[in-house]
Amino acid sequence: MFWKSSISIITIIVLCFGISEKNLQAQDNNSDEFEVYLDFRHRGVINSVVISYYKNDEFYLPVSELFSLFNIDHTVNGLSIDGYFGTERIPYQINLQSNKISFDETTIILNANDYLIKEIDSYLRADILYEAFGLNFTIDFNNLTLNLETDRELPAVQQAIRQQRRQLADANRFQQEQYDLRYGRQRPFLDGGFLDYNLSANVSSVQNVYNFNSNIGLQLYGGDVQGVVFGSYSQDYSNFATDNLRWSYRYRDQSWLTNLTIGQTTTDGFARNTYTGIRLSNEPIEPRRLFDEYVVQGETIPQSEVELYMNNALVDFQQADELGNYRFLTPITYGSSQLDLKIYGPTGQIIERSNRIQVPFTFQPEGVFNYSLNAGRLDNPIFGETSQDFTAQGNGAYGITDWLTAKAGVEYYQGYHDALPTFTTSFSSRIASNYILTLEAASEAYYRGLLSVIYPNSASINFDYTDFNSGFSIYNPSNDDKRFVASVFYPFNFWGLPFNVRASTFSRIRPTTNNTTVRFDANSRIGKLNIRLGYSDRFVGDIDLFNPSNTAYVESSATYNISRNRNLPSYLRGVFLRTQMRYQPTLNQLESTEFLISQNVFDQGRFQLSLGRNFTGEYNTVRFSLVIDFNKARSSSTFSNIRGSNNFSQNVRGSIGYDSNYNNFIFTSRDQVGRSGTAVQLFVDNNSDGTFNEGDDRIEGNAVRVQRSGATSTTKNGVLYYTQMQPYFYYNMEINKANIKNPMLVPEFEKFGLISDPNRFKKVEIPFYMSGVMEGIVERQLANGKKTGVAGLRVLVRQKDGDYNKELRSFSDGSFYEYEIPPGEYVLEVDSTQLNILESKSLPAKIEFEVEAIPEGDFIEGLQFLLVPKDYQPPAEAPLTAEAVTEEIKTNDEILNFEKSLSEGVDESLRLIVKAQNAFYDKEIKKALTFVEQSLEIFETAQGYALKGSLHYLIGERDQAEKFWELAVRLNPDIYIPDIEMLDTLITTELVE
């Protein structure tokens, strides 16, 4: 913090922004007043430097400049400023010719000491602004800050609030934005390698069993190959086998085929079976999240403000028209979405409306067709068969409209289908936004109907009915005639407490008998205490809820989570408690009880202890487990005692990833096979070739953000690794510049997109460059032909193809300066509003320049604007004749070489000063002094001596500091050199804050 405070105060304020009283007095003929640059920040909206005047212990503030910052309507007519003030649009006028201010119906009389009239603006005393407009400005002279307190609604603040609301709505509204793709898919023949392992041992009084399970993943021929190798060993038995071995290839750039899989996989039909063969599909690689756009419209009180919330997040807002109509078009995602309207009437009314929209993941967007094809040999016989025969299956789904999806398919199993295969079809429809109706059919197998609804209060009803038209088969393994499933869920509040109740039933109807299972559940939450009560019974034949069967049970449980309040003992914080019981009402007997306690230990671990009693079997149970996550591996130890028999198991699991880009092994406790990773190298590109190689400097720190949840980061050997990324996915990533230690460094790009590669770490190298420094001057052409600097003028710098925009201010001598400018092309111009006030134009109107990406940082100088009257016409230049220029000057090599050497010397001297500032950022004072001394050996500058004095001041050599500061003043009397006591105060104040 000390270094950043010092550099900002000494290197910037001393060399650039500070204006001393002595210098300002020299600038202005009036020795009683001088300029003071004040840092003005207000409510996180306004952040600017305001040029004020200090005279007779009073501050005078610029009226037009402040009103422009506040977006207050104002028009300047000579010595008069008038307009409409604030959001209330109160008429006002400041007339310095008649010495009065009128605000609404109030008039304030001014005298000559209440204001100052300057060339660019008019200045009022701070107390006058409060008396006239209620703007209570206070100035902190020690820190050179301007503060404002006011009850007035300032348009700039209100506009910023509205903009923040719009940004919040845009952020909450689902948008599939993709940053520029800079790192596409890479398809090496063989690369990467992830290994997930799971080792376990089970020790009991009967026998000891040791198991291992490993999952291996590679990238092969541009696709991903993975498979499981597992086995076990005991005194009586051992085995070794493989499973789920397959190779997949994904195509992102074509719609007719996206996935090719060869090896062991699973069918997509009614009966999902594993097989070895081939699979083709055009299903999206990344699961669809956005389904369609939904229209929300209605009528309300005219001129009401209407806000639209989706899942409790503001996504849009507008004002109803003069007839009270409003209309929103909002994107909706798959799943269940809660839409809420909040309407604020013009006289204070608040109206709320709610709606629930369901979009099942089986729905297809309108006009979209997806298919899947499977063919191969079954790994295991299907139900009712004894041989592993061949199978083929395919299906396709099409979005007919945004509320209707049709699906059709065919399934064939060799040995089961003697003639025709089984044909399947289904229709899924959304009715009235929250009702979902699905109809299914399979030839010579079954007919099925499903109906579900979710209401705005989260209540739901579900029905599922199946009618089988054949007997025992793979589609009806329980040999049912009919099957019926229903459930009802309803939440409500009672005496301020939330309650949830659910009732469900499952019935099998068969030729000989019917079986029905019913269940009722209720739960509530009181603070951190959760209570649940449930009842279940299974009936054979008729259903009689008032006559429970022998299979009836009453179950109850209670859980409590102790808070992590620091006032509690550490061993109690975050403790989780649970107790549960099971009761048989027909036997009037308590069957079992259990008590469980769980607590975090060792920062990365958690233990769990449970004690139970089975009253029917008359035995006790004890279980103890300890799980510790070591980040690179996870250990799980479990001990149990049931009926006096002891059992202990130990499990160790983790994952190892190999990065061939930087030859690093990455260890983690989470599985990596079937996923992706990224190896990010940030570096200073000293040779400007865009790649990290010898001579480039690594940049340490986690300075990259992933715009998707789930990815975890770690650092090894200066490389930032992200794991747990989904393969083949498009990721948005951005640079977090706040985590870069040297603020002078800027990345080549701040946002970028990448497509992850399966089972490997993707190489991402991001070059950084030293930012550029720019300086120039604004001068005014006087009537006598001389030039003078213009102070306080706004100079605007804008990047041509980027987001960089900055407003600079010219200093007392007309110069301006800016640093930390990213490489790129820029346009520089003087603020047109101030030019109109001065009745001037600038020559040239605009200046274009480029900051190059070079290791030491580019230095742009010599940017000059000349202000002339609007009607100024440059005199015609006399033609250049041979007599005007001597032949020696044109051809003398000594003179030409001297001019070139002088220009290069000045450039090199200034570059060394910039390098000295960068070395100071890295806390290398000696290196910074070396650069400054090298700069002064080439060309003596006031900036060099001033910086050298500042560096000596920081290492405690105050006599040397004053010596070099005096040399700086000799070269440039206008350069600001502060009093040492004032500098001590400024640094102390900054450190305290």
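The values are calculated or read from the model by the stated rules, or taken from the named source; none is laboratory data. Note that the coordinates shown come from a computational prediction; the quantities given were computed from them, not determined experimentally. Quick reminder, even Gly has a Cβ in these numbers, built from the backbone with ideal geometry, and neighbours come from all protein chains shown. Quick note on the areas: whole protein, heavy atoms, side chains included, nothing else; ligands and nucleic acids left out. Shrake-Rupley method; radii C 1.70, N 1.55, O 1.52, S 1.80 Å.
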* Asked: Share of Cα-Cα pairs in the stretch 668-770 beyond 20 Å, in percent?
  -> 37 percent
* Asked: What is the Rg over Rh value, at two decimals, for the stretch 221-355, using alpha-carbon atoms and the Kirkwood definition of Rh?
  -> 1.32
* Asked: Given the protein chains as shown and a 1.4 Å probe, how many square angstrom of Y953 are accessible, to the nearest 10?
  -> 20 Å²
* Kindly provide the Kirkwood hydrodynamic radius of the stretch 183-245 in Å, to one decimal, from all pairs of distinct alpha carbon atoms. => 13.8 Å
* Asked: Could you list, bin by bin from short to long, the percent of Cα-Cα pairs of the stretch 505-655 in 10 Å steps?
  -> 10, 25, 28, 23, 11, 3, 0
* To do: Using only protein heavy atoms and a 1.4 Å probe, report how much of E908 is accessible, in Å² to the nearest 10.
  => 80 Å²
* Asked: Considering only DSSP states other than H, G, I, E and B, which chymotrypsin sites (Phe, Trp or Tyr not before Pro) in the stretch 481-511 qualify as loop sites with at most 13 other Cβ atoms within 10 Å?
  -> W495
* Pairs of alpha carbons in the chain whose separation is greater than 56 Å (percent) -> 37 percent
* To do: Pop a pseudo-label 7 angstrom from the Cα along the beta-carbon direction at both E88 and N479 and give the gap in nm to one decimal.
  => 8.7 nm
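Rounded to the nearest 20 Debye, what is the dipole magnitude of the chain about its Cα centre when Lys and Arg each give +1 and Asp and Glu each give -1 at the C-beta?
5840 debye
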* Using Cα pairs closer than 8 Å and at least 6 residues apart in sequence, work out the relative contact order for the stretch 241-295, in percent. => 30 percent
* To do: Quick one: go through the stretch 481-522 and flag any residue whose amide nitrogen is under 17 Å from the point 7 Å out along the Cα-to-Cβ line of D542.
  => 513-516
* To do: Express in Å², to the nearest 10, the accessible area of D685 obtained by rolling a 1.4 Å probe over the protein heavy atoms while all chains stay in place.
  => 0 Å²
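Write down the accessible area per residue of the chain in Å², having rolled a 1.4 Å probe over the full set of protein chains.
52 Å²
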* To do: Quick one: angle between helix 980-992 and the longest Cα principal axis of the chain, in degrees between 0 and 90, rounded to 10, please.
  => 10 degrees
* Asked: What is the distance in Å between the Cα centres of the stretch 602-631 and the stretch 218-268?
  -> 35 Å
* Structure fact -> Share of accessible surface on carbon and sulfur in the stretch 668-770, whole %, 1.4 Å probe and ligands ignored, is 40 percent
* Where trypsin sites (Lys or Arg not before Pro) fall in DSSP loop in the stretch 563-615, at most 11 other Cβ within 10 Å -> R566
* Ratio to report: Rg/Rh of the stretch 369-469, with Cα atoms as the point set and Rh obtained by the Kirkwood method; give two decimals. => 1.08
* **Sparsely packed chymotrypsin sites (Phe, Trp or Tyr not before Pro) within the stretch 238-286, loop by DSSP, other Cβ within 10 Å at most 14** => W256
* To do: Between the alpha-carbon centers of the stretch 96-131 and the stretch 932-969, tell me the distance in whole angstrom.
  => 45 Å
* **Distance between modelled label sites at S433 and N646, nm, 7 Å Cα→Cβ extension** => 6.4 nm
* Asked: Which of the residue pairs K763/K927; K806/K870; K751/K800 have a Cα-Cα distance greater than 28 Å in the structure shown?
  -> K763/K927
* Asked: How long is the gain from L257 to I597 if the chain were fully straight, where each residue apart is worth 0.36 nm and the alpha carbon distance is subtracted?
  -> 117.2 nm
* Asked: Under 13 Å from the Cα of K787, which aspartates and glutamates turn up, not counting those fewer than eight places away in the same chain?
  -> E779, D813
* Asked: Tilt of helix 155-172 relative to the longest C-alpha principal axis of the chain, in degrees (0 to 90, nearest 10)?
  -> 30 degrees
* Asked: Based on DSSP, what percent of beta bridges with both residues in the chain are antiparallel, to the nearest 5?
  -> 95 percent
* Relative contact order for the chain using alpha-carbon pairs under 8 Å, separation at least 6, rounded to a whole percent? -> 8 percent
* To do: For the stretch 772-872, report the convex hull volume of the alpha-carbon atoms normalised per residue, in Å³, without decimals.
  => 93 Å³
